[in-house]
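See below for the structure under consideration.
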Amino acid sequence: MEHKDTMIKIEHLYKNYKMYGRKKDRLLETILPAYQKHSEFSAIKDLNLDIKKGEVLGILGKNGAGKSTLLKMITGVVAPSSGTLEVKGKISSLLELGTAFNMELTGEENIYQHGQVMGLTREEIEKRKPDIIEFADIGEHLDQPVKTYSSGMFARLAFACAIHVDPDILIVDEVLSVGDMAFQLKCFKKFEQFKKEGKTILFVTHNVADVIRNCNRAIIISSGSKIFDGDVKTGVDKYKKMIVGIEEEEESKEKIIIPQVSENETKNGNKNDGQVWKEKFVQNPDMLTYGNGKAEIIDYGIFDQKGDFQTTVNNEEEYIVKMKVKFNEWTDEPIFAMSVKDFKGLELAGCNTKVYKVLTGTYQKGDIVTVEFRQTFPLAPEKYTLSFGCTQFKTNGELEVLDRKYDALFIEIIAYRGCLGVIDLKSKIELIKLEN
């Protein structure tokens, strides 16, 4: 370890697996070393990673990208094929809950066994046992063999054991939502406690909102290689493009040029006809735009009930969010979407025509449609961004992105009164004083 704050250092890491076309080839290779009939699959390829103390690293990637293989190598479950991997401190892994459990032993006996596997003395286990039992909250089942547990009870006890070993590094893989809602809340509170204590956390999930909320750095793994390492918002935006099949290589091949709206292209008869709406607003120079070009979002804006442009909106009044879409190919039942995000990139609210069961119709090449979303913005006073999208489902059920404009416009929401949290519940408070 070169840096005193480095908890995990990985250099030129590879993990290769032998693949056999026939079962007997594996046996023949073992018996006859000269008989080589396997091919190789690289689950991890030349991966370099340096993780500092206190970092909460979000690891993103499609299924089969190599995320779990990487985590198993970090925890020591799987040995690398080549490269170096150094880890400083105690690791507690929530990868495969209960792997250290013996199904024939009782819950309490497994608390001791798990602690011993994690390197704790019997005295240390005794000290932590009451907290583990309280956190798991499985009652009298603690004295029963774990093979009799439901999947929920098993996960609760395993999770409780894993987080009460005072780790330096915590690895979490899609398991923060085990058990009922009350237990999930305890899990997230414990996770927040670890963050405040400066623990190093590796967080793997397909839920990008969890990455935005919890992580201060993100990496993306694709086909065993690290293709991104940087800030969370940029990483999440890149990952969103990946999951709809739009890769960086495709973007560089064809840059979509968005035409300006001419006067004869506008169809709605309102007093802003002929104007380019978006020019009246504060546009985001770092707006993320991508899509296959079958349709283009050529204009957008926010208007009051009189049709005037509005960049500041009151959270109690109704406004009209408009987007104008031009079609470059025949399209059937496109989905039009709008969402509000905070400056961290967390999507707070939004809607689309599919969720609202709005039939959108069929469009020919050259058609232009104006989509209007009439709504209030019941959010806390703050600055936000508006995003727009046009997608459709292919005949095979896959989502196809025609055009997306993420974080296109800046808006500011104001209010006549304050707000607790992010959402203004519009509560009506009534006091009834009882007479003595």
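The values are calculated or read from the model by the stated rules, or taken from the named source; none is laboratory data. This is a predicted model, so every value here is computed, not measured. Note: ideal-geometry Cβ built from the backbone for every residue, glycine included; neighbour counts use all protein chains shown. What goes into the accessible areas is simple: the full protein's heavy atoms, side chains included, and nothing from ligands, DNA or RNA. Shrake-Rupley method; radii C 1.70, N 1.55, O 1.52, S 1.80 Å.
Compactness of the chain, taken as the C-alpha radius of gyration over 2.2 N^0.38 Å, stands at 1.22. A simple spin-label model places pseudo-atoms 7 Å from Cα toward Cβ; at residue 185 and residue 113 they are separated by 3.3 nm. Shape class of the stretch 98-178 from the alpha-carbon gyration tensor: oblate, with a/c at 1.5 or above and b/c at least as large as a/b. Cross-link reach is defined here as a Cα-Cα straight distance under 17 Å, omitting same-chain residues fewer than 8 places apart; for residue 67 the aspartates and glutamates meeting it are 11, 46, 50, 96, 173, 174, 210, 229.
Overall, the ratio between the Cα radius of gyration of the stretch 47-202 and 2.2 N^0.38 Å, rounded to two decimals, is 1.05. Within the listed set 289, 362, 311, the residue fluctuating most in the Gaussian network model of the chain (springs between alpha-carbon atoms under 10 angstrom) is 362. Comparing 152, 107, 293 in a Gaussian network model of the chain (Cα springs below 10 Å), the most mobile by mean-square fluctuation is 152.
Contact order, relative form, for the chain: 13 percent (alpha carbon pairs under 8 Å, 6 or more residues apart, mean separation divided by residue count).
When the chymotrypsin sites (Phe, Trp or Tyr not before Pro) in the stretch 134-168 are filtered for DSSP coil states and for at most 13 other beta-carbon atoms within 10 Å of their beta-carbon, no site remains. Within the stretch 116-174, none of the trypsin sites (Lys or Arg not before Pro) combine a DSSP coil assignment with at most 10 other C-beta atoms in a 10 angstrom radius. Counting only protein heavy atoms and a 1.4 Å probe, the chain has 53 square angstrom of accessible area per residue.
With one equal scatterer per alpha carbon and no solvent term, the Debye-computed log10 I(q)/I(0) for the stretch 279-319 at 0.14, 0.16 1/Å reads -0.47, -0.59.
Pairs from the table (62/394; 45/72; 9/186; 241/294; 72/233; 52/383) lying more than 23 angstrom apart at Cα are 9/186; 72/233; 52/383. Using the average count of surrounding beta-carbon atoms within 10 Å as a protection proxy, the listed peptides 388-398, 321-331, 420-430 rank, highest first, as 321-331, 388-398, 420-430. Using all pairs of distinct alpha-carbon atoms, the Kirkwood hydrodynamic radius of the stretch 37-109 works out to 15.1 angstrom.
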